[in-house]
């Protein structure tokens, strides 16, 4: 089963996104902060991480850097709030983030992006 | 059916009148829908003008889909939004309500053109990912304002026609209330903007005087600050006797109190020694000059009094008219005290500044003579509180 880790400091977002992808046959775990996410990644080796940029403690960009330090192959999609910082997009790209989606996001687009990464073979079908 | 829809609508209409904050209003109504009709969730997408997109503003459900506020959006090219904004609902669905089951039937049996069929199919996919079975659009004229999304009823029962009617009426009422609230808010913002523009224009005018008269640099700002502090103290003591409008006028008048100096020759303003008698006379014209400058603005009536009479003295020895106790407008008397105090504590070409302690002693000495004793004592208190 494909494994997805959702990292966001808003409980509602974690809960909603987790339910959304569980219904789509994805094994989902969640973390509310960067440190917690790094711990989980070490244990669970998810295929994909949905990573909120703006979080208390170590932020999304720094979390991304450390994830990539741990394992370059883990795919990461960044999720940003309403007012992303100016060069964060460039910075995330440099650090190896796959995509960059803005809140509020289009649900079908999020679904498409995530499922495409988790089930690459299915995309032709 | 135990629910009296007419009563529900009336209750909703009542809360719309009482609640002016659209967010609170929508949340209340969504909660009501979920409680009364027992749907798994209810959400509303509202047009966000700034971002030119539809944002899922509220989503409520006792169990089931509860999307965090502001987490998802539908752009204008989203099939569900397109479906409604192109008014396909009118053509394909009689009453404008998109019901998942019925739309599915429609897809199967009706002769649809390929484009409409595709759009409807894509719109239904949006319903699926939002776990929605009924969709109700709301319009203002021809603009799509928002879309109400409803989840399944308990036990996946069908919606009754009167339930649908209720939601249609409710949605259009909600849209109207939101529209009104937004217009109201925009109006408020516009007023606020105008007001800021006005205050900044006033500050710019005051700066024009200061640019001409180097000795008064910073003076306007300090006089304004002290004047407002005196007024606030008077207000506290007299339980809000001074109106908002008065405080506002005082703010503007103190900013502009020396505006008339624009008409005084620079040779006099910048002189390094005491003024000759004729120069002093000329200098003393500045309050009247100021009032003449502002005269064309009828809204500034009270402000003009502050500008014109800020050199009048309590004992009648001031200028331009020698007004005495009781005839000097309060706005002018306050500026006068603040102006006097600041002049004392500022270096002048012909004398050194007093320290604040010395100046306050001096204020005490001239209280009841040059200065209105009530205002002088308020100034004293402001000083004792360490505010100046």
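Note on A:102, B:310: ascending count of other Cβ atoms within 10 Å places them as A:102, B:310, the fewest first.
Comparing mean-square fluctuations of B:18, B:120, B:256 from a GNM of chain B with C-alpha springs under 10 Å, the top value falls on B:18. Remark on chain B: Rg and Dmax equal 33.4, 102 Å (Cα only).
Taking the beta-carbon count within 10 Å as an exposure proxy, list B:59, A:29 from fewest neighbours to most.
A:29, B:59
With 0.36 nm allotted per residue and the present C-alpha distance subtracted, the residue B:239-residue B:118 stretch has 36.7 nm of extension available. Normalised by residue count, region B:196-384 yields a Cα convex hull volume of 114 Å³ per residue. Between B:197, B:107, B:189, the residue with the greatest mean-square fluctuation in the GNM of chain B (Cα pairs under 10 Å linked by springs) is B:107.
Of all the options B:95, B:23, B:278, the one that moves most in a Gaussian network model of chain B with Cα springs shorter than 10 angstrom is B:278. At an R0 of 56 angstrom, the distance between the Cβ atoms of residue B:188 and residue B:276 translates into a FRET efficiency of 0.55.
Legend: ranking of residues B:299, B:285 from fewest to most surrounding C-beta atoms inside 10 Å; resulting order B:299, B:285. Distance distribution note for region B:5-182: the fraction of Cα pairs above 26 angstrom is 24%.
Semi-axis lengths, largest first, of the ellipsoid equivalent to the protein assembly as shown are 67, 31, 20 Å, with √(5λ) applied to each eigenvalue of the Cα gyration tensor. Using only helices, what value at 222 nm comes out for chain B when you add -39,500 (n - 2.57) per DSSP H run of length 4 or more and divide by the total residues, to the nearest 500 deg cm²/dmol? Only helices count here, giving -18000 deg cm²/dmol. In this simple spin-label approximation, residue B:362 and residue A:44 carry label points 7 Å from Cα along the Cα→Cβ vector, and these lie 7.5 nm apart. On the beta carbon distance between residue B:38 and residue A:3, with R0 = 41 Å, the FRET formula returns roughly 0.70. Stretching residue B:77 away from residue B:315 to a fully extended chain increases their span by 78.1 nm, per 0.36 nm per residue minus the current alpha-carbon distance. Average 1/r across all pairs of distinct alpha carbons in region B:161-212, invert it, and you get the Kirkwood radius: 14.4 Å. For the pair region A:15-32 and region A:69-102, the centres of their Cα atoms are 20 angstrom apart.
Shape class for region A:1-124: rounded, because the ratio a/c of the largest to smallest gyration tensor axis (alpha-carbon atoms, square roots of eigenvalues) is under 1.5. Estimated at 0.36 nm per residue, the fully extended path between residue B:6 and residue B:351 surpasses their Cα-Cα distance by 116.1 nm. Between 0 and 90 degrees, the angle of helix B:100-109 with respect to the longest Cα principal axis of chain B falls at about 50 degrees. Here residue A:12 and residue B:50 are evaluated by their C-beta separation; at R0 = 25 Å the FRET efficiency comes out at 0.65. Please give the helix B:356-366 orientation as an angle from the longest Cα principal axis of chain B, in degrees from 0 to 90, rounded to the nearest 10. Relative to chain B, helix B:356-366 is tipped by roughly 70 degrees. Separation of region B:191-213 and region B:336-388, taken as the distance between their Cα centroids, equals 26 angstrom. Axis of helix B:373-384 versus longest Cα principal axis of chain B: the two differ by about 70°, to the nearest ten degrees. Distance from the Cα centroid of region B:132-176 to that of region B:267-332 is 66 Å (rounded to whole angstrom).
The numbers here are math on the coordinates, done by the rules we state, and not lab data. For clarity, every value in this text was computed on a predicted model and none was experimentally measured. Cβ atoms come from the backbone with ideal geometry, glycine included; neighbour counts cover every protein chain shown.
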